[in-house]
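The block underneath contains the structure these notes are about, expressed in structure tokens.
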Amino acid sequence: MKYFRTHILISVDESTIRAGVKNFIASLRNHLDKYSLTDEIGILETGSIGFFGKGLCFVVYPENIIYANVTNEDLNEIVTEHFLKGRPVKRLIVEKPERTQYDFNYKKRIVLENSGIINPEDIEEYIGVGGYEAWEKALLEMKSDDIIEVVKESGLRGRGGAGFPTGLKWSFTAPIKAKQKLVVINADEGEPGTFKDRLIMEGDPHKLIEGIAIACYAVGATKAYIYIRGEYKLCIERLRKAIAQANEYGIIGKDIFGSKFCLEIDIKVGAGAYVCGEETALIESMEGNRGTPRSKPPFPGVKGAWQLPTVVNNVETIANIPSIIKNGADWYSAIGPYKSTGTKVYTVLGDVKMPGLTEVEMGTTLRTIINEYGGGMKDGKKFKAALVGGAAGVFLSDELINVNMDYESLKNYSAVLGSGAILVMNDDADIVDMLWSVIRFFRHESCGKCSPCTNGNELLFKLINDIRNGKGKEEDLNKLIQVSEVMVDTCFCALGQSLLMPIKSAIDNFKDDFLKRMN
Amino acid sequence: MYEKIFEKYSPKKDNLIYILHDIQDQHPQHYISEDAVSEVSEYLRIPFSHIYGVLTFYTMYSTKPRGKNVIRLCESPPCFLKGSENVLRKLKKTLDVKINQTTKDGLFTLELCACLGVCGNAPVMMINDDVYGNLNDEKIDKIINKIRGEK
Ligand SMILES: Cc1cc2nc3c(=O)[nH]c(=O)nc-3n(C[C@H](O)[C@H](O)[C@H](O)COP(=O)(O)O)c2cc1C
Ligand code: SF4
Ligand code: FES
């Protein structure tokens, strides 16, 4: 391996590919060549470095300088000034937001520790940073029960929305005797405002593969599927490559590390349906059917895809597993508050300076996340509301954003962590409009299987439409809440039960916005 | 007609979604015809009606011919907050179509969709497999004109 004095980490993801990053890299290589810098300066293509809307961007190490909005025309200047003479080009550097320790929180990252640092398409780089050590340890030194015990003690809970304890989920499936058991990774990621799983898969696909392998061994599954939404072309491509490389290195496949354990990993894709994120709908879709939910029980862990015991876990959940196995349950459970251990990846969006993703310790306050990691409010505008947890989330007002972001604290606000999407709105936003958009989303995504959901959504949409058009009455607010309460009691799956939270929180916390439309 | 695609996938029902994607991607009008459904039905040995049911469930598929470029504009709350309604207005005007219609020259079809998972660049649309973000009027003009020029 060559040693470079400087590393340039260039983000190659969906948005920068659009902005022409491939071309840019070629041109950068030419420039380095021209000034004979190729032996001194290494270029690494990485996943997203964590923020958006800035065109092409890259980080220069060890200085940790971030350049953004760079075009081919700027290259000569950067190469001659910065790389040749050591004078960074100030006008292209992204300023760290004032009074924050905006360093992408690298030190505390677990799930994203390698994202933006290693080349996701090269298994050697993952192995080089200690990748697959946990898998080797799990397979060769631990019994399945021990692994499940460690995961239980770590306190890890599902990151797909419901927050179910992962070790406990595994312990239901592990003892079942069946001709085959499955692990299915939920990478459908349809919750509006969420793209954390995409960036985990694009930035560090091998971490997911390693987590899958450990999960499979723990529950006795010999086959795993990753169900990825159809739009995530780059994820699908990168994971295909990662699976092929892992097979080639004997990390998955037959008789792994001479242990007799065999594991096959396959990819399934979706075709555009939010409800397919629901685990039983996802299983239906995987089998080649319409993605409508099944009744529970039996739970997938007992009877899932093709009636085989199937553990369904979210991408982020599984990406935590390698570090837990490597460092132990105590290490993990020391991070974050009791009952909500570890870190959480958030996507901070909307009217903030730096929309993007961040991984922070559980229990960090919402205010900190918005101000420090989202860079604070854009254009000096005032904060008005945050929609936390995606469309199936809650609208929180300024008084409420001191909440600690963890499963237990959010319960007190009748809120949930959900998918980790945080949509920030400034004073210009109108909560009636936003709620209208939320209800429109659910109305469109209702799968049509049960009438409380189809009719309920129709009714809710009519009510909010009337209010939005100035034809609503105050009693309509109660109706909105009542209808969504009935839906909680009667809808077949959690999709139809999701509307109460956004509706109730919008009305409770932003009643004035509704009343304004009424006279 | 679809042998090449069928060769890639064993005749099992769970390959249906893959096969439908491939058939649609291969068609210049981005849709799946009745004939195609019949052929898939024969290959996988599953009823026509089942395939049709699946086809119409998922929003990425179309049973009707579409334009050479399928525009899917995200209308979910984060993009809505960032002005997806303005983008929609602009697209309708520039292309002179309504939602789910195809332009007379067959170059574009305008559709709405739910969150595409690229909300950091809201408002966002996809044209075929490409994502376009941070949209505003000028950008849309640029993008549309560029594609018009390529034809
Ligand atoms: C309508 C609906 C959509 C969902 N979408 C997702 C999703 O996109 N990704 C996900 O991981 N879980 C989603 N879930 C939750 C899954 O049903 C399931 O709880 C989760 O995948 C379990 O994994 P975990 O225990 O690791 O969180 C959704 C649930 C519902 C009801
Ligand atoms: S609640 Fe809605 S999404 Fe769930 S099964 Fe019923 S109709 Fe389908
Ligand atoms: S909300 Fe539009 S891409 Fe996510």
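Which value, in Å², gives the accessible area per residue of the protein assembly as shown when a 1.4 Å probe is used on the protein heavy atoms? Write out the running numbers ahead of the final one.
Values: 27150 Å² over 670 residues.
Heavy-atom accessible area per residue stands at 41 Å².
Is the protein assembly as shown best put as rounded, prolate or oblate by its Cα gyration tensor, with a ≥ b ≥ c the root eigenvalues, rounded for a/c under 1.5, and otherwise prolate when a/b is larger than b/c, oblate when not? All intermediate terms of the calculation are to be shown ahead of the outcome.
Values: a/c = 1.18, a/b = 1.06, b/c = 1.12.
Rounded shape, in that the Cα axes give a/c under 1.5.
A 23 angstrom limit on the alpha carbon distance is what I want to check against. Which of A:LYS179/A:LYS241; A:LYS169/A:LYS233; A:LYS143/A:LYS254; A:LYS254/A:LYS303 exceed it?
Checking Cα-Cα distances, A:LYS179/A:LYS241; A:LYS169/A:LYS233; A:LYS254/A:LYS303 exceed 23 Å.
If you place +1 on the Cβ of every Lys and Arg and -1 on the Cβ of every Asp and Glu, how big does the dipole about the Cα centre of the range A:343-421 come out, in debye to the nearest 20? Numbers along the way, then the final one.
Details: 8 positive and 9 negative charges, 52 e Å.
Approximately 260 debye in magnitude.
Using +1 on the beta carbon of Lys and Arg, -1 on that of Asp and Glu, and nothing else charged, what's the dipole of the range A:6-92 about the Cα centre, debye to 20? List each step's numbers first, then the result.
Values: 9 positive and 11 negative charges, 43 e Å.
It works out to roughly 200 debye.
Any chance you could check the range B:106-120 for residues losing 50 Å² or more of accessible area when the partner protein chains are in, compared with the chain on its own (1.4 Å probe)?
B:CYS115, B:GLY117, B:GLY120
Just to confirm my numbers, what's the Cα centroid distance between the range A:275-324 and the range B:14-81 in Å?
23
Using a probe of 1.4 angstrom, how much of the accessible area of the range A:358-437 is carbon and sulfur, in percent? Let's see the in-between values first.
On the way: 1020 of 2450 Å².
Of the solvent-accessible surface of the range A:358-437, carbon and sulfur hold 42 percent.
Give me the accessible area of A:ASP489, 1.4 Å probe, in Å² rounded to the nearest 10.
130
As I understand it, the dipole of the range A:431-515 uses +1 on the Cβ of Lys and Arg and -1 on the Cβ of Asp and Glu, about the Cα centre. Which of A:LEU495, A:GLY448, A:ILE507 lies farthest toward its positive end?
The residue sitting farthest along the positive end of the dipole is A:GLY448.
With the Cα gyration tensor of the range A:465-519 in hand, convert its eigenvalues to equivalent ellipsoid semi-axes via √(5λ) and list them largest first in whole Å. Kindly include the intermediate steps, with their values, before the conclusion.
Numbers: eigenvalues 105, 24, 14 Å².
Taking √(5λ) for each eigenvalue gives 23, 11, 8 Å, largest first.
With the dipole of the protein assembly as shown worked out from charges on the C-beta (+1 for Lys and Arg, -1 for Asp and Glu) around the Cα centre, which of A:ALA138, A:LEU308, A:LEU9 lies farthest toward the positive end?
The one lying farthest along the dipole's positive direction is A:LEU308.
With a 1.4 Å probe, what is the total accessible area buried between chains A and B, in Å² rounded to the nearest 100? Show your work: numbers first, answer last.
Numbers: alone 21750 and 9150 Å², together 27150 Å².
Interface between A and B: roughly 3800 Å².
At 222 nm, what value in deg cm²/dmol follows for the protein assembly as shown if DSSP H runs of at least 4 each add -39500 (n - 2.57) and the sum is divided by all its residues, to the nearest 500? Walk me through the intermediate numbers first.
Details: 28 runs with 267 residues, N = 670.
Calculated from helices alone, the mean residue ellipticity at 222 nm is -11500 deg cm²/dmol.
Output the 0 to 90 degree angle, nearest 10, between the alpha-carbon long axis of helix B:137-150 and the longest principal axis computed from the alpha carbons of chain B.
Relative to chain B, helix B:137-150 is tipped by roughly 50 degrees.
Can you give the charge dipole size of the protein assembly as shown about its Cα centre, rounded to the nearest 20 debye, using +1 on the beta carbon of Lys and Arg and -1 on the beta carbon of Asp and Glu? Intermediate results must be reported in sequence, preceding the final value.
Values: 84 positive and 89 negative charges, 175 e Å.
In total the dipole reaches around 840 debye.
Using Stokes-Einstein with the Kirkwood hydrodynamic radius over Cα pairs, what translational diffusion coefficient do you get for the range B:3-57 at 10 °C and a viscosity of 1.306 mPa s, in µm²/s rounded to a whole number?
On the way: Rh = 11.1 Å.
D = 144 µm²/s.
Of the peptides A:424-435, B:18-29, how do they stack up when ordered by the mean number of other Cβ atoms within 10 Å, highest first?
On the way: A:424-435: 20.4, B:18-29: 17.3.
The packing order, highest mean first, is A:424-435, B:18-29.
Ranked from the most accessible area to the least, with a 1.4 Å probe and all protein chains present, what is the order of A:ARG91, A:ARG18?
Working: A:ARG91 145, A:ARG18 90 Å².
These residues rank, largest area first, as A:ARG91, A:ARG18.
Which of A:LEU208, A:ALA421, A:ILE25 sits farthest toward the positive end of the charge dipole of the protein assembly as shown, with +1 on the Cβ of Lys and Arg and -1 on the Cβ of Asp and Glu?
Ranked along the dipole, the leading option is A:ALA421.
Can you tell me the 0 to 90 degree angle between the C-alpha axis of helix B:48-57 and the longest principal axis of chain B, rounded to 10?
Between the helix axis and the principal axis of chain B, the angle is about 20 degrees.
The values are calculated or read from the model by the stated rules, or taken from the named source; none is laboratory data. Small disclaimer: the values here were computed from a predicted structure and weren't measured. Virtual Cβ from ideal backbone geometry, glycine too; neighbours counted across all protein chains shown. When the accessible area is computed, the model is the full protein with side chains, heavy atoms only, and any ligands, DNA or RNA have been set aside. Shrake-Rupley method; radii C 1.70, N 1.55, O 1.52, S 1.80 Å.
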